[in-house]
4 protein chains.
Amino acid sequence: MPLRFLTAGESHGPSLTAILDGMPAGLSITPEIINKELTRRQQGYGSGGRMKIEKDTVQILGGVMGGETTGAPIALLVQNDDHVKWKGKAVEPMTAPRPGHADLTGAVKYGYKDLRPALERASARETTMRVAAGAVCKHFLAQFGIVVGGYVSSIGEIQTDFGDMLYEERFTRAEESDVRCPIDSSAQKMRDEIEKTIHGKNTLGGELEIVALNLPVGLGSFMQWDKRLEAKLAMAVMSVQAIKGVEVGDAFENAKRIGTQVHDPINLQHANLQRATNRAGGTEGGISARL
Amino acid sequence: MPLRFLTAGESHGPSLTAILDGMPAGLSITPEIINKELTRRQQGYGSGGRMKIEKDTVQILGGVMGGETTGAPIALLVQNDDHVKWKGKAVEPMTAPRPGHADLTGAVKYGYKDLRPALERASARETTMRVAAGAVCKHFLAQFGIVVGGYVSSIGEIQTDFGDMLYEERFTRAEESDVRCPIDSSAQKMRDEIEKTIHGKNTLGGELEIVALNLPVGLGSFMQWDKRLEAKLAMAVMSVQAIKGVEVGDAFENAKRIGTQVHDPINLQHANLQRATNRAGGTEGGISARL
Amino acid sequence: MPLRFLTAGESHGPSLTAILDGMPAGLSITPEIINKELTRRQQGYGSGGRMKIEKDTVQILGGVMGGETTGAPIALLVQNDDHVKWKGKAVEPMTAPRPGHADLTGAVKYGYKDLRPALERASARETTMRVAAGAVCKHFLAQFGIVVGGYVSSIGEIQTDFGDMLYEERFTRAEESDVRCPIDSSAQKMRDEIEKTIHGKNTLGGELEIVALNLPVGLGSFMQWDKRLEAKLAMAVMSVQAIKGVEVGDAFENAKRIGTQVHDPINLQHANLQRATNRAGGTEGGISARL
Amino acid sequence: MPLRFLTAGESHGPSLTAILDGMPAGLSITPEIINKELTRRQQGYGSGGRMKIEKDTVQILGGVMGGETTGAPIALLVQNDDHVKWKGKAVEPMTAPRPGHADLTGAVKYGYKDLRPALERASARETTMRVAAGAVCKHFLAQFGIVVGGYVSSIGEIQTDFGDMLYEERFTRAEESDVRCPIDSSAQKMRDEIEKTIHGKNTLGGELEIVALNLPVGLGSFMQWDKRLEAKLAMAVMSVQAIKGVEVGDAFENAKRIGTQVHDPINLQHANLQRATNRAGGTEGGISARL
């Protein structure tokens, strides 16, 4: 049975929890490894005030004994530090639904009169537990040399040109950047754009790239619709709050091109099959294709 | 338990099959309703020679009695008419993997020496059974006034401007167009582009839009990652052969904008909540939001 | 999507947790409702010393606001009170596998050197969270008049004859009995048997009956193998630690009989279909059949 | 993703189909291997007239090329030979529900006026496709030396005492017996019992034992409720038409005993762990435990 996980908890509830089921036994893991990712999540230029309030730290409540996973489901808990502030306080019911949020759809679906339960659960605060569970998975993949990284490629109209910069370098530079952008000149423009938007009491879109390096060939399959790697990745990415588009490789650009400009030719070199390009984003026929 | 389906069959095998499990009882359905969609699938400017060889017609082998679904799984079968031509013939093993296909990844994953099994199953021919199963679902949704339609919005670099054209009209015009494009002037340019590409022995990308009209509010949920409507739609769309990108609404364009240009304001008019715009693509917080 | 749940936590870990996903919004629920079932779980004649150590009480960490479910996943946590005793203490590795436990199979499957992780997770202590999650479900079903009850029908060789005693009375009497047996004379023999077994430093098997009253007709289906109500019930029952057999109705006795002694004749009385007997256990054709 | 399958088709429809998804590539398989099991299914003392009408043979419509599985879903089809007899004929609506069948529950659940759709799909005829799909799985397991066999242990009140007869011998003898009973003296009594029951226009229950030999240790897990091998087996067994009880090992007998008479002691012999008994049925802690 594959990995699966459930998260629970509200934005201002006592705590957020997750159960990650299916992690193999024998992986060394500590709260610090997870906390590092939680801290990354809470940083970022112009991030909301909430990010400053919470200093998230995880408790591992199950699945780990003596610093090692046992194969049992891993229970993770992050306390909401400001819960005590809210606890027991009378809170005005929220009745004006905000567009672009779950306020109205949540109320219609679940019959809320006060909209608060919708925003409490639909909140991006929930991603805390995805990051926590994901941190364990990322650490597991790292044992096999697989590196999963990401960086911001655009904010508003500010696009970034990465040129030939290697992915590893993009990851490193993004970590050092408060807007997670590997290119300094673009990063400065992004900060300006963010400042301008905050000043206008508005919000701003953007794009990010996620890359997994050193994957084995053979993940996913074309054999049945729900086995395709692109399909599973698309679902995972689109399940994140506020994300409404996903592409593998330069799919939307590739859609404008002819086949020979889109595919990655396979060359036979010294008895090895190789490819000089990566336009398809690393998958072919629903399967990971090492480059 | 929700609807589920499996397909089987190879491009040049005896037949393609599907089992669609979970359709309610009492739906009037005939092979003709499904065949209509199969015929739509086989048309299209510049479609491959295979499309001309096969005149697909479905046999309903289970789940329908007296012209009505019984609630039992629906078994669908489409014969490959050219199978007899291939049957028993010696076929040269295929050993040169084509980029942009499942040839190489399939061989690595499944250990093929002859690549043929990969292309036989990864082939777009498999979509025949998705169309057949989908035809039943589309017909079911139609009983509730839900219309699912689609059209081509770009081929290669030829983009289409739909202006204020209503979705119903786009659907109708697309049906009358051999390139499935509702705008005649764009359609002609698309044909030219296709001709040029065929002449150059190449292939060409494109974009299409799928729209479901009259959906109830409340499909999907923000309560758990795998319940979000956008996530499920993204998986379904990306599971189709050759599709590598998906967006809900103008997501990639919206990513360049500020929030007030992206959201769909909610207005209270005569005791009804209404929205004048549809930028978000009809979902909010992972839930369908009627407009 | 149907109800689903995951549990996590070890017998001597800091706490046990569960996430119950899919409960509808609007159900009034309190920790007390769950604690009542947790207390029931901890009682019972001859129950282990551990039962006396723990006085389980649940914390609801998500999915409930203002005393009502919101439709969000419900997070439940029960602390292991004796965890502090064990924390940080050096514990001898356990290396002698006990038969009838997960010690050996767990070690082989997960590669343990110290067997402790197997017994920590395979322990019946895990049922605490099944009871907690089940308590919410039971309370939900109660809103529709559905009563789920149970009682002990045999311990060791002591069998019970319930005669014509109504199920409701069996439930009530079982609650009042420290061996959960509705018939006093049998209960006394069971206590004697248990005493004798404890004295002999042994353990003892038994049988229990679970009954759901007032179920609607139509749960489950014969349409696909994994939709049959009996199949789902069997899986649920057999997933409980130490249970290795399950029957619906008097299945094993019925296997010795001819059809007319096993089926429940359907009688038409005053325009209603009725049945005078319940030999089949309340299901026919994989579907609940109200009697 | 694990193996999964769907079946479809009605008892008197044109054909029965199944799709088995997830079988690995490279397994040699022929229709004959499957037909052999279909023939076994159609034999048996006192089996219905239908068994004589149909001489089931399978067509493999997908997933197999050149006599080998390709990893693609395997499509199986068995024609109902008597369908032509029924086709187009006016058939009286069936309105009197039979107890012990899906007639009444099916009608209530699916809203049938004519009960025929219920009995057409709920019919044991559906097991044809389970046998066909199972034949492929059984053949796959055989490549690893795993033997799955079964035999009848009781019919009505006729019980069988197998003494020390090895499982392999039980399998062989059962194959040679028209009542699938390995012990001749019991078999004769079973035939008499069947004759008497047929004469009385009645039906008769029974018990069977299924054994898998040479399984590896480690199938299933105690880590989460739905991973336990016993739970999965119970669901599979109880999903078969007419089966309403299941036990692993002598579970119901063991329930009467003390622990030391029920468990299978683990002995260390020449650096190997061994067990002299098999009372638990080959599983411990939800995991297969080789004996």
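The values are calculated or read from the model by the stated rules, or taken from the named source; none is laboratory data. These numbers come from a predicted model, not from an experiment. Cβ atoms come from the backbone with ideal geometry, glycine included; neighbour counts cover every protein chain shown. When the accessible area is computed, the model is the full protein with side chains, heavy atoms only, and any ligands, DNA or RNA have been set aside. Shrake-Rupley method; radii C 1.70, N 1.55, O 1.52, S 1.80 Å.
Of all residues in the range D:193-223 being over 24 Å from the mean Cα position of the chain (by Cα) and within 11 Å of chain C (Cβ to nearest Cβ), which is surrounded by the most Cβ atoms within 10 Å (Cβ to Cβ)? By that ranking, first place goes to D:Met223.
The helices (runs of 4 or more DSSP H) falling completely within the range A:61-157 that include 2 or more residues that are at pLDDT 95 or above, under 14 Å from A:Ala18 (Cα atoms) and open to solvent by 20 Å² or more (accessible area, probe 1.4 Å) map to A:127-142.
Can you confirm whether the range C:274-283 contains a residue that is touching a Leu at 6+ places or on another chain (Cβ under 7 Å), in contact (Cβ under 8 Å) with a residue 12 or more places away in the chain and open to solvent by less than 30 Å² (accessible area, probe 1.4 Å)? Yes; the residues of the range C:274-283 include at least one that is touching a Leu at 6+ places or on another chain (Cβ under 7 Å), in contact (Cβ under 8 Å) with a residue 12 or more places away in the chain and open to solvent by less than 30 Å² (accessible area, probe 1.4 Å). Scan the range C:235-257 for residues that are among the aromatic types (Phe, Trp, Tyr) and either on the phi > 0 side of the Ramachandran plot or touching a helix residue (DSSP H, G or I) at 6+ places or on another chain (Cβ under 6 Å) (or both) and the total you get is 0. Restricting attention to the range A:158-179, which residues are part of a helix (DSSP H, G or I), of a type in the set (Ser, Thr, Tyr) and within 22 Å of A:Ile243 (Cβ to Cβ)? A:Tyr167 - this is the single residue of the range A:158-179 that is part of a helix (DSSP H, G or I), of a type in the set (Ser, Thr, Tyr) and within 22 Å of A:Ile243 (Cβ to Cβ). If you go through the range C:258-291 and keep only what is at the interface with another protein chain (Cβ under 7 Å from one of its Cβ atoms), touching a helix residue (DSSP H, G or I) at 6+ places or on another chain (Cβ under 9 Å) and among the charged types (D, E, K, R), you end up with just C:Glu284. Look at (1) more than 27 Å from B:Phe140 (Cα to Cα); (2) touching a Leu at 6+ places or on another chain (Cβ under 7 Å) and you find that B:Asp192 fails only one, number (2).
Each residue in the range B:216-252 was checked for being among the aromatic types (Phe, Trp, Tyr) and under 22 Å from A:Ala18 (Cβ atoms), and 2 pass. A residue that is farther than 30 Å from A:Arg257 by Cα and facing another protein chain (nearest Cβ under 8 Å) cannot be found anywhere in the range B:236-257.
Of the residues making up the range C:60-71, those that are touching a Ser or Thr at 6+ places or on another chain (Cβ under 9 Å) and within 10 Å of another protein chain (Cβ to nearest Cβ) number 8. Quick check, is A:Pro182 within 11 Å of chain B (Cβ to nearest Cβ) and either crowded, with 18+ Cβ neighbours inside 10 Å or assigned to a loop (DSSP other than H, G, I, E, B) (or both)? No. Screening A:Ala132 against (1) closer than 30 Å to C:Leu61 by Cα; (2) within 11 Å of another protein chain (Cβ to nearest Cβ) leaves a single unmet condition, (2). With respect to the conditions (1) without any contact (Cβ under 8 Å) to a residue 60 or more places away in the chain; (2) surrounded by 13 or more Cβ atoms within 10 Å (Cβ to Cβ), B:Gly163 lacks only one, and its number is (2).
Among the residues in the range D:60-76, are any farther than 24 Å from C:Trp225 by Cα and charged (D, E, K, R)? Yes, the range D:60-76 contains a residue that is farther than 24 Å from C:Trp225 by Cα and charged (D, E, K, R).
Rundown of residues vs (1) part of a loop (DSSP other than H, G, I, E, B); (2) free of Cβ contacts under 8 Å to residues at least 40 places away in the same chain; (3) hydroxyl-bearing (Ser, Thr, Tyr), yes/no style:
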site: D:Glu207; (1), (2), (3): no, no, no
site: D:Val211; (1), (2), (3): no, no, no
site: D:Leu215; (1), (2), (3): yes, no, no
site: D:Gly220; (1), (2), (3): yes, no, no
site: D:Ala231; (1), (2), (3): no, no, no
site: D:Val237; (1), (2), (3): no, yes, no
site: D:Gln241; (1), (2), (3): yes, no, no
site: D:Phe252; (1), (2), (3): no, yes, no
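The residue list C:Ala75, C:Ala18 contains one member that is among the small types (Gly, Ala, Ser), closer than 16 Å to A:Leu61 by Cβ and under 18 Å from the mean Cα position of the chain (by Cα), which is C:Ala18. Within the range D:254-291, the set of residues being among the aliphatic types (A, V, I, L, M) and not in a helix (DSSP H, G or I) comprises D:Ala255, D:Ile258, D:Ile266, D:Leu268, D:Ala271, D:Leu273, D:Ala276, D:Ala280, D:Ile287, D:Ala289, D:Leu291.
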